[in-house]
Structure formats: structure tokens, C-alpha cells
């Protein structure tokens, strides 16, 4: 049985195709269109998935959309009626789009699918509720026979937070929290207030938080959110405008925190850092209370997480260390893109009743390497067309040459195998560097990524050596857990360095791997396993042989505002537009000084800032 799942029309559209219980392909549309968080119908993503499976659309057993649009329309109307006339401006802007397209989404989807394959049987189009799609994406690929499931995001149709239980091939939803009460929207409100873009800048708040102190946490808990002992919560809508307005927050919110929102791209002050620390602390508290209650109420030993809030790796790390669940598994494409995969899996197991066998000791996501790949001959042809100069090396030589370049302090664009599904680069579409360098974080941020200097980088570490370097006792293959750098790897800092505030704290060398050690001694760890990515594991091993360090800086292969590179051409253009020193695409090895100066380009303003 073959089923295609689709998410589209809101943000981060994607397609995923399963054959029986195996994921054949999954990819976001943005990777092909080069439009960050592309929300259009995922024509190219669908085409890729079908090509990877070698089938036509009409040969599929079902196509499943990841939510139910009529329920979402119901929320829009009921919210307006509850707030009228205050929400009229928002209602007036949203209604024409709904009446033209989204209310008749079934017809729109049918037209798009018929454009892909005119013989597609329209009766095979199904719909899955938003949070069921998230829950299915979390439970079905997990390695657990049974598990509690927690999904948290901004809002689906009505639900913003859902709890369920998965057993075998079934998922039973237990309870929900409904719009407008949303932990995701609360976090996004602070994202907007601090001058970052909603739905893309939330991870900046997480990265900024360690530079501040949670001085406003009590203010948030006293005025904005009423959190019960079981983690359920209620937001005071007197401080927010997202229910019926055109902004996230209002004048009362601004008065509470002492001023207007920060203007985008202006300097960050200690106040913004303290606000970031405060909303992160509140988020941690809510999530931990909630997961403790779920463990108590269900008796489950395993927990699965999905939804946009599940990408908050700081909160995830708190849940793991809290110890109320023996095992925690997080869907690597936890946001709306992953809903495409969840919708397909929910249809297979829930609608068609197909059995489920947990895949392996890690999970069924195949390392999340579910996107396009390119043969060496195809890569060579593509790079030649671009005018690139390269050497085609053997497998052992390409590993050795890359490890040597990294040991010499070079920034390396590393493009290998199948592209990752989800927001993280996991060693196939990555920029790599030496974590021992005290200046690498600043240089990569400013000269390669063209982004804010405070942004942290993640370490990739050989799985078998992770516990020697981090306080981590379990696999973390998807870069979704924050753990502390081991005490034995830390460096003492002077009293002067201890007294520094804000971004100045970056100047203190806190560990043997300063480029991946955040100012609070934490790191967003990726454990690299030979059985899911042997080539990346070999590179880390070769780097370890030269340096004694089994770790590399791993950041996504893109610049600020750009989707992660998809094709060899994308990789070469990014290479030529940044200060990346070496590019390795498959076995093709390129150095910057060997390229024609005429191919250089200014990439710093190529994409709209995120």
C-alpha cells in the first residue's frame, strides 16, 4: 500500500510518501523553490516523492491532507464572533482568501492533484486532523510499542496542545487545550515583541536566552499565563492581539514589559536577553509540569513529542533530565512539514487498519535522510556546467582530505547522500568546522552565515564517545536535545570573564570545544551513528585520528534566510557567495582558491533575512 501525505497553504509545505510501513521519501517544498517556508502546494516535493518511489499519483492508494479546513474555518468565524467588533480588521483580511481558496480547499487540492496526474481518483483524497497528523508523525516512526504522545504548536484547527496514547497501530487522543490558549503562540508573541519573525525566529529566542536572566518570568506567570500543577494553562487575552488583530501583542502587553517592541535588526540589549530567558524558563516549566502529569496519569514509560514546540531542544532536554519517562523520542520534522508524514502514517494505520511493527533500536526515520541524492557522475556534470573546478577523489581520499582541511581550521561545505527532512542539517547538507577554535563561532556567523553573532552552533559527536564529552546518556541523532558539556571538558574562567554580561560573555573560553559551548555550558548535541550515516561517521573518526577530538561544528548549509541547499548547484552558489573554504559534493573536492574569481558573488543580501 502506497500513501502520499501533504501539508500546504499555511507555512512549510511538504510531501511524504510511504509504502506499507516504510518511509520512501519526505521533503519540504522550499528546498526546490528556494523560497523559505514556501506555503504553496508542494508540486515539486510531490514530484520528487513519486519519482523516488517510481510510481504515478494515480497508482497510490490514498493522498492525505494534514488537517481539516472546515474545522479551521469554524475557528476563524467563532473567534471573530467572540471578539466582534474588535477583530474585524483581521477578519476582513482573512475572509476573502478563505472564501476564494481555503474554504473550498478540497476542490483546490483536487485541481492540483489532477494537474499532477489527470487520472488520479479523487475519491482517494483523505483528510486528517492537524494534531492527529502530529501525533502520528511522533508515534508511528518511534521505536516504541506503546507510548504517551504530546503535541504542542501554535494552533491546528482548534487544538494547540494534545495528549494521546499510542499502542500498536492505534492512537487514542485523550485531552486537548484549545485556541486561543497556546504555548506556541505565547512563545511567538515574545518572538514578535523582541523583533524577530514569527514562525521562523523562535529558535533565535532559544539561542538568546542563555545570555539573560529570567527576570520577567514571574511577571509572565502572574499576568499572561495561568499554569496549573498538571501543566494545563490559560492565557489572559487582554494582553494579546493574535485572536482578532494583525499583531501578536497589544499596548497592554507593551506597558507590562515597559516599552514598545524592538525594531527588527536593531541592536540587542540586556533587556531583550532577559525577556528571552524569561519566556524560555516559563516554557520549560509548563512543558515539564505537563509531562510529569502525563507520566502520572498514563503510567507510560515512553513519551513521543511533535508539533512546533517540540523543536525547542532546551525544553526537551529538561524533560529528559526530569526523568519521569524512561525514553523520549522526538519527531525530527516536528513542525507542519512533518504533518505530511504523519497524515500518511495515520491513514495507513488508522483509516486502513494496517499493522505496525516498531522499526529498530533507534526509530523508523532512517536518520531523517529522506530527500534527493545525486550520483558522482551527475554531480560532476552539474558542477562542470556551473564552471566549477574540482578533483574527483576516491572514498578514502575524500574523507582524509576533508578531515585534514577541517583540522587546519577550514570551513567546509559538506554535501552528501540524501537530503535531510526537517529543519536540521544532520551531516548531509552541512557546513562543518573545528569546534576547538575559539573564533570559529563568530567567524561562521558573520562571514559564512551572515547572521547575528550570538547564534550558537551545534556539535556532531561520534555516538560511542558522546558521554565522554557531554552529560548525555542516550542517542540524540536529530539535534533535538540540549545537554551540558561534561565537567571534565570545561575550562575555568577568570573573575573578570564571570562578570561579563550579554554578548560579551561569548569572549570567555568555557571548554575544550568553545565553538559549540554556549555561555551556560550547554550544547545542542547530535550523536552520529554508523548505521544511519556511515560516511559522516567516517569523517568524524578521521578528524578524531588527527586531533583527538571526535566532534565537529555542524550548521545547516545555507545563509540566513535561505533554505538548506538541495542540489549541487545550490551548494556551489552558496560556496562561491560566502567564506566557505572547501566544498565537498559526493567525491568532488573543491577549494575556493581554485575557482574563477568571476564566479564569486555577494551572497550576504541574496535572501530576505529570517
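Answer with yes or no whether residue 430 is at pLDDT below 95, touching a strand residue (DSSP E or B) at 6+ places or on another chain (Cβ under 9 Å), outside any helix (DSSP H, G or I) and surrounded by 15 or more Cβ atoms within 10 Å (Cβ to Cβ). Spelling it out, it is not the case that residue 430 is at pLDDT below 95, touching a strand residue (DSSP E or B) at 6+ places or on another chain (Cβ under 9 Å), outside any helix (DSSP H, G or I) and surrounded by 15 or more Cβ atoms within 10 Å (Cβ to Cβ). One residue stands out among those in segment 233-246 that are exposed (fewer than 15 other Cβ atoms within 10 Å of the Cβ) and in contact with a helix residue (DSSP H, G or I) (Cβ under 7 Å, 6 or more places away or on another chain): the one that is nearest to residue 188 (Cα to Cα), which is 246. Look at residue 357 and say whether it is surrounded by fewer than 24 Cβ atoms within 10 Å (Cβ to Cβ), touching a residue at least 24 places away in the same chain (Cβ under 8 Å) and within 18 Å of residue 177 (Cβ to Cβ). The answer is no for residue 357. Within segment 569-585, being surrounded by 23 or more Cβ atoms within 10 Å (Cβ to Cβ) and more than 20 Å from residue 459 (Cα to Cα) holds for 571, 572, 574, 575, 578, 585. Only one of the numbered conditions (1) at pLDDT 95 or above; (2) farther than 30 Å from residue 503 by Cα; (3) outside any helix (DSSP H, G or I); (4) out of contact with any strand residue (DSSP E or B) (no Cβ under 8 Å at 6 or more places or on another chain) is not met by residue 400, and that is (3).
Here residue 182 clears all of (1) touching a helix residue (DSSP H, G or I) at 6+ places or on another chain (Cβ under 7 Å); (2) within 30 Å of residue 262 (Cβ to Cβ) except the condition numbered (1).
Please work out if residue 378 is more than 30 Å from residue 504 (Cβ to Cβ) and modelled with pLDDT under 95.
It is false that residue 378 is more than 30 Å from residue 504 (Cβ to Cβ) and modelled with pLDDT under 95.
Residue 556 falls short of the stated requirement of being in contact (Cβ under 8 Å) with a residue 12 or more places away in the chain, in contact with a helix residue (DSSP H, G or I) (Cβ under 6 Å, 6 or more places away or on another chain) and either within 16 Å of residue 442 (Cα to Cα) or surrounded by fewer than 19 Cβ atoms within 10 Å (Cβ to Cβ) (or both).
When segment 31-42 is limited to residues that are outside any loop (DSSP other than H, G, I, E, B) and in contact with a helix residue (DSSP H, G or I) (Cβ under 7 Å, 6 or more places away or on another chain), the one that is surrounded by the most Cβ atoms within 10 Å (Cβ to Cβ) turns out to be 32. Under the condition of being buried (at least 17 other Cβ atoms within 10 Å of the Cβ), closer than 27 Å to residue 500 by Cα and more than 16 Å from the chain's Cα centre (by Cα), the residues counted in segment 193-232 number 12. Considering 189, 172, the condition of being more than 26 Å from residue 504 (Cβ to Cβ), in contact with a strand residue (DSSP E or B) (Cβ under 6 Å, 6 or more places away or on another chain) and either assigned to a helix (DSSP H, G or I) or at pLDDT below 95 (or both) is satisfied by 189 alone. Looking only at residues of segment 58-83 that are surrounded by 21 or more Cβ atoms within 10 Å (Cβ to Cβ), under 28 Å from the mean Cα position of the chain (by Cα) and at pLDDT 95 or above, we find that the one that is nearest to residue 610 (Cα to Cα) is 66. Being part of a helix (DSSP H, G or I) and surrounded by 19 or more Cβ atoms within 10 Å (Cβ to Cβ) is the requirement here; does residue 566 meet it? Here the answer is no, as residue 566 does not meet what is asked.
Exactly one residue among 55, 46 is at pLDDT 95 or above and buried (at least 21 other Cβ atoms within 10 Å of the Cβ), and that residue is 46. Scanning segment 148-167 for residues that are modelled with pLDDT under 95, part of a strand (DSSP E or B) and surrounded by fewer than 24 Cβ atoms within 10 Å (Cβ to Cβ) yields nothing. The set of residues in segment 140-172 being touching a helix residue (DSSP H, G or I) at 6+ places or on another chain (Cβ under 6 Å), in contact (Cβ under 8 Å) with a residue 40 or more places away in the chain and farther than 15 Å from residue 305 by Cα consists of 156, 157, 158, 169.
The values are calculated or read from the model by the stated rules, or taken from the named source; none is laboratory data. Small disclaimer: the values here were computed from a predicted structure and weren't measured. Counting neighbours? That spans all protein chains shown, and the Cβs are built from the backbone with ideal geometry, glycine included.
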